[in-house]
Amino acid sequence: MPSYRDFHRRSIEDPEAFWREEAKRIHWETPFDTVLDRSNPPFARWFVGGRTNLCHNAVDRHLADRPQQNALIYVSTETGIERRYTYTELHAEINRMAAAMRSLGVKRGDRVLIYLPMIPEAVFAMLACARLGAIHSVVFGGFAAPNLAARIDDAQPVLIVTADAGARGGKVIDYTPLVDEALARATHKPPHVLLIDRQLAPERLNASYLIDYEPLREQFFDAHVPCEWLESSEPSYVLYTSGTTGRPKGVQRDVGGYAVALAASMEYIFEGRPGDTMFTASDIGWVVGHSYIIYAPLLAGLTTVMYEGTPVRPDGGVWWRLVEQHRINLMFTAPTAIRVLKKQDPALLKQSDLSSLRTLFLAGEPLDEPTASWIGDALGKPVVDNYWQTETGWPMLAIQRGVEVLPPKLGSPGMPVYGYDLTLRNEDTGEPCAPGEKGVITLGYPLPPGCMATVWHDDARFVDTYWSSVPNQHVYSTFDWGVQDEGGYVTILGRTDDVINIAGHRLGTREIEEALSSHAAVAEVAVVGVTDALKGQVALAFVVLRDAGGYATDDARSKLEADLVKTVDRQLGAIARPARVHVVAMLPKTRSGKLLRRAIAALAEGRDPGDLPTIEDPVALQQVREALDTPRG
Ligand code: ATP
Ligand code: MG
């Protein structure tokens, strides 16, 4: 292997040559004639003229080499159901689903909205769409009716696929009333709604528009539906961003570029080999689920484990038992799950045989140093933080162990990934930052294969939102703020929205959070900036304590607050000192574990936090409100 540095340089200096080589990883029914079309920046089209199909590459292609290998292992600790599908069986299920969809009129280019819990039928439905050339738009099952309605109106699907219910932490959530309400609210009326009946919701709606999948599956049991060969740049799917910072954007992905980028990432970043087993604990409603539960592991001939349930039910050892039982080699989840596991009995981790596990990957939010150290020490295996967005579809920053095993740096997801011309830039001038200088993380044109092609039916929003925010430069903004050291390691300091300006000093909320979380009493922390007449902005901190009982008295609380403020003083200087440190029992987060700083800041400034679609537990917001109302002790 070349060194990381050479590898990265080659991918930037000659992307055509670099990606022409990588494109050999997938099957092209018709070869492409141009690697990259740069005629209309900031748009880029990869592998122009090539025709391929994601379902063919993920499933059909493996029928020759690994027909009896498990493609999908499904485990639900909510229902106690466990199922295995070989590549042959997965292929058959996808064909049944594709035939059923086709019988309902779904064809190439149509949108199919998938509103499903974590069940195998979700995988069948997504890959059936890929097979037919239909565009799937998966909406996270935790979304409420108004959010679902907004996505129905934006994507204009010809079909919705849903289930009677989801389950979480032992609680059944009926889906059909939510779909019913969303359909009532939406302007667009999809002609059909296909229902996967798990027989979980006894109260499920019996509306006449719901079409049961089971009889269709029987009817099409032996169906074979050929793959539609799509031009590389035709859309494969639309996935809306989490909406942490505002109105969600419909990220449109292509076919060929995505297949090539994911297949390459499995070798260079994830070191996944055909026959390996990968467990990505995320949800199909998020990009990590699209890319690393479904497409990438299957494209590369792995076995993928799909899990419905929480990491702590029936107990905090459940994931480690899965590793032992299924000989899992690669595991991928979010730091928030590891923080949850960290609060569990450490003995649980030692009770399972984890010898099969090679690497743990974490992404989605900052991996704080205490969590990184804890899990790294506990597992004794490499922990690979990787940074990316729904927009990019695959990692932008990581230690790329399949290229060169460089040492990790605590608190940093590593270096720019090959293909990404990643530069930190000064927000006011647009000039590249010197090492150590904070700035916004940007990407140069063209974005590598697999990244968003545009905003769904809104090219202007793609240009205006992503390519027009850095002064004097035509670059893509991630809207994240970071710093790069001499060695190339990048640390994420927060979102550009979260940058605080205290008396003229620019600070990322992440920096203050890291300082606070280094204090032994702190389990979790959120820092937000609020307007201040004197300083422009001040920082407010909200902390969850490891042992709240130990600080029950007012006196103990004030001492702790003073101590925490001192910790920040020591690490960042008095300028970063939070105006107040509030103790709360939990922080408001999205269902994907992202802190809702925007909502906390709104409450702190006495504004309405607005629409909070995916909030994990609304009680957390109430707690923030109460903490804000509590006078200083
Ligand atoms: P929206 O864009 O709609 O506000 P969102 O940004 O939360 O929603 P995602 O695409 O799911 O939607 O999240 C991507 C963001 O998550 C990144 O831009 C970054 O802020 C954060 N992130 C992801 N991975 C990491 C990581 N390894 N370290 C730090 N932050 C990360
Ligand atoms: Mg975002």
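The values are calculated or read from the model by the stated rules, or taken from the named source; none is laboratory data. For clarity, every value in this text was computed on a predicted model and none was experimentally measured. Backbone-built Cβ (ideal geometry, glycine too); neighbour counts: all protein chains shown. With ligands, DNA and RNA removed, areas are computed over all heavy atoms of the protein, side chains included. Shrake-Rupley method; radii C 1.70, N 1.55, O 1.52, S 1.80 Å.
Here are a few things to note about the model shown:
- Surface accessible to a 1.4 Å probe, residue 83 within the full protein complex, Å²: 100
- Summed residue charge, Cβ within 14 Å of residue 61's Cβ, Lys/Arg positive, Asp/Glu negative: +1
- Solvent exposure, largest accessible area first (probe 1.4 Å, DNA, RNA and ligands not counted), of 171, 589: 171, 589
- Restricting the calculation to Cα atoms, the chain shows an Rg/Rh of 0.95 when the hydrodynamic-style radius is the Kirkwood one.
- Distance violations [Cα-Cα > 23 Å] among 566/594; 409/535; 438/535; 535/589: 566/594; 409/535; 535/589
- Residue 426 paired with residue 30, simple spin-label distance in nm, labels 7 Å along Cα-to-beta-carbon: 5.0
- Accessible surface ranking that places the most exposed of 12, 119 first, with a 1.4 angstrom probe: 12, 119
- Whole-angstrom gap from region 559-633 to region 499-531, using each part's C-alpha centre: 10
- Remark: region 153-243 is approximated by an ellipsoid whose semi-axes, taken from the C-alpha gyration tensor as √(5λ), come to 25, 20, 15 Å, largest first.
- Proximal charge balance of residue 425 [Cβ under 14 Å; K/R count +1, D/E count -1]: -4
- For residue 546, neighbours were defined as the other residues whose beta-carbon sits under 12 Å from its Cβ, and their charges (Lys and Arg +1, Asp and Glu -1) total +1.
- Extension gain from residue 445 to residue 17, taking 0.36 nm per residue of separation minus the Cα-Cα distance: 152.5 nm
- Peptide packing: for 411-418, 494-501, the average count of neighbouring Cβ atoms within 10 Å per residue gives the ranking 411-418, 494-501, highest mean first.
- Linear extension gain, residue 605 paired with residue 39, 0.36 nm per residue minus alpha-carbon span: 199.1 nm
- Candidate aspartates and glutamates - alpha carbon under 17 Å from residue 343, same-chain residues fewer than 8 apart omitted: 315, 368, 369, 377, 524, 547
- For the pair region 401-474 and region 129-183, the centres of their Cα atoms are 32 angstrom apart.
- Dipole orientation for the chain: of the candidates 538, 447, 34, 538 has the Cα lying most toward the positive pole (charges on Cβ; Lys, Arg +1; Asp, Glu -1).
- Theoretical gain in end-to-end length, residue 574 to residue 506 [0.36 nm per residue, Cα-Cα removed]: 23.1 nm
- Exposure ranking of 108, 461 by accessible area [1.4 Å probe, largest first]: 108, 461
- Zone of residue 224's modelled label, taken as backbone nitrogen in region 90-116 under 16 Å from a point 7 Å along Cα→Cβ: 90-99
- This model, with +1 at the C-beta of Lys and Arg and -1 at the C-beta of Asp and Glu, gives the chain a dipole about its Cα centre of some 340 debye.
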